[in-house]
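Quick note: the coordinates plus some simple rules give every number you see, no bench work behind them. Treat the numbers as computed from the prediction; the structure is a model and nothing was measured. All Cβ positions, glycine included, derive from the backbone under ideal geometry; neighbour counts span all protein chains shown.
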Amino acid sequence: MRKTGRKLAAFTLAAAMVLSMAACGKKAEAPVDTTAATTAEETTVAETEAPASENQKADIVVIGAGGAGMTAAIQAVQDGATNVVVLEKMPITGGNTTRSTGGLNAAATKYQEADGIEDSVDLFVEDTMKGGKDINDKELVTVMAENSAEAVDWVNEIGGDLSVVGMFGGASVKRIHRPSDTSAVGPMLVKTLNAKMAELNIPVLLETTAQKILVDADGKVSGVTAVDKDGKEMTIDCTAVVLATGGFGANMDMVVEYKSDLAGFGTTNHAGATGDGITMAVEDGAALVDMEQIQTHPTVNPDTQTMYTEGVRGNGAILVNKEGLRFVNELETRDVVSAAILKQTDKQCYMIFDQAVRDSLSAIESYVKAGIVTEADTPEALGEAIGVDGDALAETLKTYAGYQASGTDADFGRESMEVPLDQPKYYAALCAPAVHHTMGGVKINTSTEVLKEDGTAIPGLFAAGEVTGGVHGANRLGGNAVTDIVVFGRIAGTAAEKYVMDN
Ligand code: MEZ
């Protein structure tokens, strides 16, 4: 049974009122039941008459307005939830999803079928387990793979655009789904989720940092305390919480605490990825899993920390060291490629591609615009421009073109070689590995319930996305983060709404 029984608009307007009154230095007041309220004016009157209190009420509080949190909130409302509020500590929504480029991995989709790509849930599970060195929670991986095709459809149904299928590291077949214009997936997804949140009137309190998930004497979730940008504290009583605060890839102290050899590395993460949700869940007894499993992305500009999407390699680019030589199968998993780069001169390498690759992926235009790609008319001139032996680079490209023509990479066994890399212009981008994804986090079951060390669930607490651990094991495959946030975000929204109805 729904406890608060208010229309969604009640929280939206009341919440806005809390913020504006806090800004005026007035004491916040509890929203009264404004089911009948249809205008801001009526709600304002009702609020003014309500007894003074710091408390707000919601059925579900989602902590974190990244991809997982917004997906959970939308799904909960699509399932019938009427009083959902989302808290976001940053001034904008999106979290790390905003920075996501490559796409969403999904198996057995209509888009793969249209391209004649044979894939299956089993193969997706197998690739993900292999990429994760088999320490992944196979049940979670299976649920992710089983729901991946529907995740693509759901994103498209709510106004998104995932229809082009490409190749990524660690995948046996083309499986990563990206926008039809081959642009970065993250901005498209965040824009889509923002628009759906607005259409469904789901309130987001920006610059509002959750501090504690409250539990009652029976250990059930009962609310969330939070603080807004002016330092005003609030408590939101609620029945369920969806934790979707992301990982800790921007918290270098925490990264180094769990994996000391990453000291001094850069990060691809947005500033808000500091692991607060993990700390909050632990305070309530949540178990953690795989915390020391932290992934570096191999192709990150060492000066700007801009990530060059793996899609550039998937569409044909190779990696060469400062001697102009290839040194790895560029489509190996990220742990393997990162480790290989760290063995090269200066622990850096160059990603090399040609005009055909540039034309195949519009995400590349942003790197060119940012001035972090060097171009030249010939391989020799490119080498000279980046301080690499031009003859060696030209020889490497000639050899690679031969491998591409024969279909056999005699040096490193790369299977997908999309293009011969012989179309001027030629391009080079300096790369080094940087912290990218924290695979560890809060332990969940396949219903996204947060689990304690004894395996029992914390009633009313659900989690989805990078705040959780177990899905990706020791190494996440590129494209699986977006699958994770959409699949488990949706499951969390549904589970939280059901929990509210049952409690
Ligand atoms: O999943 C990712 O991290 C991803 C797709 C990154 C990228 O290289 O684009």
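Results, tabulated for the structure shown:
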item: Relative contact order for the stretch 267-371, counting Cα pairs under 8 Å that sit 6 or more residues apart, in percent; result: 25
item: Glu233 versus Lys220: modelled label distance in nm, points set 7 Å from Cα along the beta carbon direction; result: 2.6
item: Per-residue ³J(HN,Hα) for the stretch 123-131, Karplus 6.51 cos²θ - 1.76 cosθ + 1.60, θ = phi - 60°, Hz, x for Gly and Pro; result: 5, 4, 4, 4, 4, 5, 5, 5, x
item: Stretchable slack from Ser406 to Ser120, in nm (0.36 nm times residue separation minus alpha-carbon distance); result: 100.2 nm
item: The stretch 272-380 - convex hull of the alpha-carbon atoms, volume per residue in Å³; result: 139
item: At R0 = 45 Å, FRET efficiency that the Cβ-Cβ distance of Lys322 and Asp134 yields, to 0.05; result: 0.85
item: Share, in percent, of DSSP beta bridges within the chain that are antiparallel, nearest 5; result: 65
item: Long-range HN-HN contacts of Lys212 with modeled amide H, under 5 Å; result: Thr225
item: Ranked list, fewest to most other Cβ atoms within 10 Å of each Cβ, for Phe248, Phe327; result: Phe327, Phe248
item: Kirkwood estimate for the stretch 234-302, i.e. one over the average of 1/r between Cα atoms, Å; result: 13.7
item: Relative contact order, percent, the stretch 111-240 [alpha-carbon distance under 8 Å, six or more residues apart]; result: 14
item: Alpha carbon convex hull of the chain, volume per residue in cubic angstrom; result: 139
item: Virtual spin-label span in nm between Lys110 and Asp153, 7 Å along Cα→Cβ; result: 0.8
item: Average projected area [Cα convex hull, the stretch 214-341], square nanometres; result: 11.1
item: Two-site FRET efficiency, Glu453 against Lys369, from Cβ-Cβ distance with R₀ of 41 Å, rounded to 0.05; result: 0.25
item: Relative packing of peptides 84-92, 254-262 - highest average C-beta neighbours within 10 Å first; result: 84-92, 254-262
item: Projected label distance in nm at Ala263 and Gln348, using a 7 Å step from Cα toward the beta-carbon; result: 2.3
item: Cα lying deepest toward the dipole's positive end in the chain, options Val141, Gly160, Leu262, charges on Cβ; result: Gly160
item: Rg to Rh quotient for the stretch 400-503, alpha carbon positions, Kirkwood Rh; result: 1.23
item: Area projected by the alpha carbon convex hull of the stretch 192-253, averaged over all directions, nm²; result: 6.3
